Each structure stands twice: as C-alpha cells, then as structure tokens.
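Just below is one structure, and these are the notes that go with it.
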Amino acid sequence: MSGRPDSETDPETADSEADAGRDGTDDPAETEADARRARWTATGTGAALTLAGLAAALLRLTRSAPALVPAAYAGGAAVCAAAAVLGSRGRTRRALWLLIAGVMVMALGDQFD
C-alpha cells in the first residue's frame, strides 16, 4: 500500500501519457530504423571530426605555433572519438553533447594561434 489514495491512474490518462513521447507512428520497424540512423550519424560525425582534429593537430605541429594549439586540437579529437564510440553504442544524446564539446575545445585552441 503506497499511502496515496490516488495512486491508480485513469486508463484514459495512462494511454495519453504513453502516447505523449511518440512521433505519431506505431510501426516498430520505423522506430528501429530511426535509431539505427541516429547511431550511424553520431558514429560517422564523431569519426569525421576526429580525423579533422588530428589532421589539424598535425598541421599545427609542423608550424611554429604555441604547444597549446596542437594539444587543443588533439584533445578535441579525443573527445570526438569518445563521442563516436558512444554513438555506436546507442548513446546518441550524450554523443551529441560530446561532439559539441570537442568542437568547442578545437575552436578554443584555434583562438590561441
């Protein structure tokens, strides 16, 4: 016994609460395809930004730039690589935020150049 007299939900309310998070489709195959597309997008974007960050770090190493600049690019690339791993495991929201953080680190490093 929960101690609350209103712990039972009305069937109409329960149905509307269950449908509140849906996008209007009841097809599980379509939802699965959307999830797969989100995983591939997060993984591909993370891999592309990782390669771009590593290439920028290598280019900055060959020039006379402060040591903080290539380190920032390499650090941002590492964060984007972690986002690619999370994206491949289905953690696409966390991967998105890590991608944003990684690009921000790279942009901050570019400011010191």
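The values are calculated or read from the model by the stated rules, or taken from the named source; none is laboratory data. Keep in mind that this is a model prediction, so the values were computed, not measured. Cβ: placed from backbone, ideal geometry, glycine included. Neighbour counts: every protein chain shown.
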Worksheet, complete the sentence: For region 28-48, pairs from a residue that is touching a residue at least 60 places away in the same chain (Cβ under 8 Å) and surrounded by 11 or more Cβ atoms within 10 Å (Cβ to Cβ) to a residue that is not in a helix (DSSP H, G or I) and not aromatic (Phe, Trp, Tyr), with Cβ under 9 Å and 6 or more apart or across chains, are none
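Could you tell me how many of the residues in region 61-87 are under 13 Å from GLY44 (Cα atoms) and in contact with a helix residue (DSSP H, G or I) (Cβ under 7 Å, 6 or more places away or on another chain)?
7
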Item to complete: Answer yes if at least one residue in region 29-50 is assigned to a helix (DSSP H, G or I), more than 10 Å from the chain's Cα centre (by Cα) and among the aromatic types (Phe, Trp, Tyr), and no otherwise.
Response: yes
Worksheet entry | All positions within region 39-73 that are under 16 Å from GLN111 (Cβ atoms) and hydrophobic (A, V, I, L, M, F, W, C) | ALA56, ALA57, ALA65, ALA67, LEU68, VAL69, ALA71, ALA72
Worksheet item: Listed residues VAL85, VAL79, VAL69; which is closer than 23 Å to ASP113 by Cα and either modelled with pLDDT of 95 or more or out of contact with any Phe, Trp or Tyr (no Cβ under 9 Å at 6 or more places or on another chain) (or both)?
Response: VAL79
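Looking only at region 88-113, filter to residues that are among the small types (Gly, Ala, Ser) and more than 15 Å from THR43 (Cα to Cα); which one of those is modelled with the lowest pLDDT?
Out of the qualifying residues, it is GLY109.
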Fill in: Scope region 77-113; condition closer than 13 Å to ALA38 by Cα, aliphatic (A, V, I, L, M) and in contact with a Ser or Thr (Cβ under 7 Å, 6 or more places away or on another chain); matching residues
ALA84
